[in-house]
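> Got a structure for you, questions after.
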């Protein structure tokens, strides 16, 4: 059983943060909220997402799992105003999700769980550097790199957080010292290379967050944490590092 | 409703040592994985379906601790998606860092041409060139893949498996599924199935809802096998019953109009003396029927042509010829193809002359080309005309009556180029 009412903008922000990486996902429903663990088709980026019941106007739920086509959902949500309220109800008999918004009532068919890809194992990683900065700053760094290359390096050197990108002819560097950051905590230097294809997709959701925490290592994945829905939703992106070709 | 798990998935080998058959190929695959670190070359596994290529790829990944992603024919494989998914996977480390290995499996790699986006094969080539992760391409037909792909990769052949090997695999499975079954039955299944996958599917289908399976339950039916044209020819010319030969022809995807040329080409290689005369007598009767079909558009008469071609030729011989004959495709086709390209060159010359002389292409072809051939006997004119009409080497060769790669042709062509400037 699942029955809830939620503000359109919260649902929109949450789903868009996920749908940039995956077209479909398994939603775990419980009385503690909704959670999603999904990995992109290339197995390069992972998202862990959790939404607390407080993010909803009303929330009634028993444990369950459903498969949802996120592309369709995002499409449907574009029909709503940000201030709309959306009523969501699960019809397990018919294998449908019902969405009511304003005068519209959508019936969304669920994806058979057996036909979906297995949920990824969230790896436990020890990343030596932890940087907290404004979402808009990280977005700026990513956008600046896009002008020059298709990949960038993120790292921490002493008490500076830096981004570097270079092509055959051009290069760009962006850096923030500890004072310009919200916080920086590193037990050693860190630097890893990442594909901009993925970071650009992620940066849309990231830019909306006031505070973004970035965990980095040396040639290790980057972990990017931030919250949505006024702190009631949590997003964690994990992106595998690019291999430097020799 | 619970979905039935397919046994082919359930019992997919977990490690390479469990993969049955093809031990040489498996050893090569293992070696490739060991060498990959310094070589970074992709590999193609090719061979008939259902004999363990995909299983071997997954088992290998499991053995050496690589994670995997797969793109198969059920995914949309446009150039864009290949670049986005396989491309990203091939240059990126795993969630364990840059040292983590991820195996990219491109199943049915010989089947990408048919896809909506024709750039698919090219995209795969680019992904392979830039890859920093191991890639396995899997294909049924090695030569259905582009030469570029073949040159980029190492290749390992998987050969059809013996039915003894299939029985071994079936035994492993039925024991674990607690199906009561004797060895005769398993041998029966293995005999009618050409590979592991169909044999396992047959076993599962037969044991559905049964606890005991006997040889009488094998009613899977005979698979339609497509005969090659060479086998059908052998059936007609050598020793086989009229019915066998005729039904072999029916499995063939070839119209009587085409097939008669095959017989025409190969009959004189088989039959001798009076038999050959009789054979051609029957063949010409078949041709009479084909002519009637074409004139009257009554395709029902094809069957008389077939009877004449197959059983007629069979009964025309007085003995069975035991010698080995390498059958060949109709040489008339080859000649036609050659004539076609010659015609095309002639027509393009005629078109150029026609344009210059303000006459039709047909008139140029029938009345003027012969004059130009005479003109071309004088090198001075040859160069001048070639330059004027902007002729290419093939066209010059045609007018000179020489081969396109002949020295004279090149001389005229180069001189003409110089004149054009």
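> Rounded, prolate or oblate, given the Cα gyration tensor of region B:338-420, with a/c below 1.5 counting as rounded?
Verdict is oblate for region B:338-420.
> Test of understanding: what is the full-extension gain from residue B:215 to residue B:5, defined as 0.36 nm times their sequence separation minus their Cα-Cα distance?
Gain on stretching residue B:215 to residue B:5: 73.2 nm.
> Oh, and also: Give the peptides B:296-309, A:201-214 in descending order of average Cβ contacts within 10 Å, highest first.
Peptide ranking by packing, descending: A:201-214, B:296-309.
> May I ask you to order A:75-87, B:392-404 by the average number of other C-beta atoms within 10 Å around their residues, highest value first?
By packing density, highest mean first, the sequence is B:392-404, A:75-87.
> Report the paramagnetic label zone for residue B:335: residues of region B:255-299 whose backbone N is under 12 Å from a point 7 Å from Cα along the Cα-to-Cβ axis.
Residues B:265 qualify, since their backbone N sits under 12 Å from the label point.
> Once you keep just the Cα pairs under 8 angstrom separated by 6 or more residues, what percentage relative contact order results for chain A?
21
> While we're here: Let me have the 222 nm mean residue ellipticity of chain A computed from DSSP H runs of 4+ only, each contributing -39500 (n - 2.57), with the sum over all residues rounded to the nearest 500.
-5500 deg cm²/dmol, from helical runs alone.
> Could you state the angle between the C-alpha long axis of helix B:23-39 and the longest principal axis of the C-alpha atoms of chain B, as a value from 0 to 90 degrees rounded to the nearest 10?
80
> While we're on this one: Counting partner chain Cβ atoms within 10 Å of every residue's Cβ in A:232-242, what's the average?
Mean shielding count: 3.
> For residue B:322 paired with residue B:374, estimate the spin-label separation in nm (one decimal), with each label point 7 Å from Cα along the Cα-to-Cβ line.
About 6.4 nm, to one decimal.
> Is it possible to state the helix-based mean residue ellipticity at 222 nm for chain B, with each DSSP H run of 4+ residues giving -39500 (n - 2.57), the sum divided by total residues, to the nearest 500 deg cm²/dmol? What is it?
One gets -16500 deg cm²/dmol as the mean residue ellipticity at 222 nm.
> What is the calculated FRET efficiency for residue B:183 to residue B:140, with r their C-beta to C-beta distance and R₀ = 35 Å, to the nearest 0.05?
Approximately 0.70, to the nearest 0.05.
> Further question on the same structure: Under 15 Å from a point placed 7 Å out from the Cα of residue A:79 along the Cα-to-Cβ direction: which residues of region A:98-112 have their backbone N that close?
Residues passing the 15 Å test: A:98-109.
> Another question, if that's okay. Can you compute the modelled spin-label distance between residue B:231 and residue B:315, with each label point 7 Å from Cα toward Cβ, in nm?
Each label point is offset 7 Å from its Cα along the Cβ direction, giving 2.7 nm.
> Please average, across the residues of B:76-89, the number of beta carbons from any other chain that are within 10 Å of each residue's own beta carbon, and give a whole number.
2
> Going by how many other Cβ atoms sit within 10 Å of their own, how do A:192, B:17 line up, fewest first?
B:17, A:192
> Sorted from fewest to most neighbouring beta carbons within 10 Å, what does the list B:185, B:15, A:72 look like?
Lowest to highest Cβ neighbour count: B:15, A:72, B:185.
> Got a sec? Which residues in region B:373-407 would a label at residue B:357 touch, if it sits 7 Å along Cα→Cβ and we count backbone N under 12 Å?
Residues passing the 12 Å test: B:373-375.
> Once the Cβ-Cβ distance between residue B:345 and residue B:420 is put in as r, and R0 is 30 Å, what FRET efficiency do you end up with, to the nearest 0.05?
Once the sixth-power term is evaluated, E becomes 0.90.
> Evaluate the relative contact order of region A:86-228 (contact order divided by residue number), counting alpha-carbon pairs under 8 angstrom at least 6 apart; express in whole percent.
Relative contact order here is 25 percent.
> Let me ask you something else. What is the distance in Å between the Cα centroid of region B:136-156 and that of region A:190-242?
Centre-to-centre (Cα) distance: 38 Å.
> In percent, what relative contact order does region B:229-316 have, based on Cα pairs under 8 Å that are 6 or more apart in sequence?
36
> If I model a spin label as a point 7 Å beyond the Cα along the Cα-Cβ vector, how far apart are those points for residue A:31 and residue B:284 in nm?
9.6
> Would you mind putting B:174-180, A:141-147, A:42-48, B:236-242 in packing order, based on average other-beta-carbon counts within 10 Å, highest first?
Put in order of decreasing packing, that is A:42-48, A:141-147, B:236-242, B:174-180.
> Quick check on the protein assembly as shown: take the gyration tensor over C-alpha atoms, sort the square-rooted eigenvalues as a ≥ b ≥ c, and tell me if it's rounded (a/c under 1.5), prolate or oblate.
Oblate, because a/c is 1.5 or more while a/b does not exceed b/c.
> Helix A:135-146 sits at what angle to the longest principal axis of chain A, using alpha carbons and giving 0 to 90 degrees rounded to 10?
60
> What is the fewest-to-most order of A:215, B:356 by other Cβ atoms lying within 10 Å of their Cβ?
Listed from fewest to most nearby Cβ atoms, that is B:356, A:215.
> Turning to a different aspect of this structure: Rounded, prolate or oblate, given the Cα gyration tensor of chain B, with a/c below 1.5 counting as rounded?
Oblate, since a/c reaches 1.5 and b/c is not below a/b.
> With r defined as the distance between the Cβ atoms of residue A:105 and residue B:247 and R0 fixed at 56 Å, what FRET efficiency is calculated, to the nearest 0.05?
With R0 = 56 Å, the Cβ-Cβ based efficiency is 0.40.
> Also: Working from Cα positions, state the angle (0 to 90°, nearest 10) between the long axis of helix B:242-251 and the longest principal axis of chain B.
90
> Here's a follow-up. Considering only C-alpha atoms, what is the centroid distance from region B:4-36 to region B:333-348, in Å?
When both Cα centres are located, 50 Å separates them.
> I've got another one for you. If you stretched the chain out fully between residue A:200 and residue A:175, how much longer would it get, using 0.36 nm times the residue separation minus the C-alpha to C-alpha distance?
Once the chain is fully extended between residue A:200 and residue A:175, it gains 7.2 nm.
> While we're looking at this one, here's another question. What average number of partner chain Cβ atoms lie no more than 10 Å from the Cβ of the residues making up A:32-42?
Mean partner shielding for this stretch: 3.
Each reported figure results from applying straightforward, stated rules to the coordinates on display, with no laboratory input. From a predicted model like this one, the values you see are computed outputs, not experimental measurements. Counting neighbours? That spans all protein chains shown, and the Cβs are built from the backbone with ideal geometry, glycine included.
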